[in-house]
Amino acid sequence: ELKVEQNPLFLSMQEGKNYTIYCNYSTTSDRLYWYRQDPGKSLESLFVLLSNGAVKQEGRLMASLDTKARLSTLHITAAVHDLSATYFCAVGADGLTFGKGTHLIIQP
Amino acid sequence: EAGVAQSPRYKIIEKRQSVAFWCNPISGHATLYWYQQILGQGPKLLIQFQNNGVVDDSQLPKDRFSAERLKGVDSTLKIQPAKLEDSAVYLCASSRGQGVFSGANVLTFGAGSRLTVL
């Protein structure tokens, strides 16, 4: 059974700081997805990582994938309040298995 | 393109009652998924359809949950009888499906149907 673990599950940080969210998964996969969810809203696709060493960047967010270590990271650079949300990683070739999410609060 | 439509947005029922949720996927998306998201957790796949056939329903509690996708477009998810632990948001998602595009299979999610069982 595929397991996806994220850490931390909760993160409170100040604006302007950098931080990294980690996503580990239990079985081999070369497809990893990051989603964002705002309170009371649905999930929005952020990144798709399709191969070992893949790196994607959008604004202050950068995601990377190491398939050998079964690890993906989501790095936040110089955080701003608008990035406050819950971030999920998900793994799978078709139907996705999601982690529990990282609830991120960015304070002024 | 229009997004994934779901209804109702909110539903409150008492335990042992029944409820049905409806989903209309993005036009042309062959694959449709129903996920259950309990408060504070990640979405959990309940059932996946490819056109009107079931691909994976291994995590669907079949004694009380049922789903269908007639004509390979709209889908309904039914719960009968509901239990307290069924309180959750039921998310419908669709995608073009694996094999159509080699590589990413990005799921687009609807706004969800929030169920409260009292």
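Of all the stretches in chain B, which is the longest one without any exposed loop site, taking trypsin sites (Lys or Arg not before Pro) in a DSSP loop (any state but H, G, I, E, B) with at most 12 other Cβ atoms within 10 Å?
In short, B:17-61.
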Residues in segment A:26-58 that, when all protein chains are in place, have 10 Å² or more less accessible area than the chain alone would give (probe 1.4 Å): A:Arg31, A:Tyr33, A:Tyr35, A:Gln37, A:Gly40, A:Ser42, A:Leu43, A:Ser45, A:Val48, A:Leu50
Taking only Cα atoms of segment B:10-59, radius of gyration then Dmax in Å: 13.1, 37
Under the Karplus curve 6.51 cos²θ - 1.76 cosθ + 1.60, θ = phi - 60°, whole-Hz ³J(HN,Hα) for segment A:64-77, x wherever Gly or Pro sits: 9, 9, 10, 6, 5, 8, 6, 9, 10, 10, 10, 9, 10, 10
D (Stokes-Einstein, µm²/s), Kirkwood Cα radius, segment A:6-78, 1.002 mPa s at 20 °C: 164 µm²/s
Against the rule of thumb 2.2 N^0.38 Å, how large the Cα Rg of segment A:67-108 comes out: 1.42
Computed over segment B:1-91, Kirkwood Rh from alpha-carbon pairs, angstrom: 13.5 Å
5 Å binning of all Cα-Cα separations within the protein assembly as shown, expressed as whole percents from 0 upward: 1, 7, 14, 18, 18, 16, 12, 8, 4, 1, 0
Where the protein assembly as shown is the region considered: accessible area per residue in Å², 1.4 Å probe: 50 Å²
Listing of segment A:61-95 residues, each with accessible area lower by at least 50 Å² in the full protein assembly than in the chain alone (probe 1.4 Å): A:Asp94
Spatially proximal lysines relative to B:Lys78 (Cα-Cα < 29 Å; intrachain offsets below 8 disregarded): A:Lys3, A:Lys41, A:Lys100, B:Lys11, B:Lys15, B:Lys44, B:Lys62
Chain lengthening between A:Asn24 and A:Asn7 when straightened (0.36 nm per residue, less Cα-Cα): 5.3 nm
Computed lengthening from B:Lys71 to B:Ala2, 0.36 nm per intervening residue step minus Cα-Cα distance: 22.9 nm
Interface size B-A, as summed buried accessible area [1.4 Å probe, Å², nearest 100]: 1500 Å²
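The values are calculated or read from the model by the stated rules, or taken from the named source; none is laboratory data. The structure displayed is predicted, hence computed values, not measured ones. Note: ideal-geometry Cβ built from the backbone for every residue, glycine included; neighbour counts use all protein chains shown. Ligands, DNA and RNA are excluded from the accessible area calculation, which covers all protein heavy atoms including side chains. Shrake-Rupley method; radii C 1.70, N 1.55, O 1.52, S 1.80 Å.
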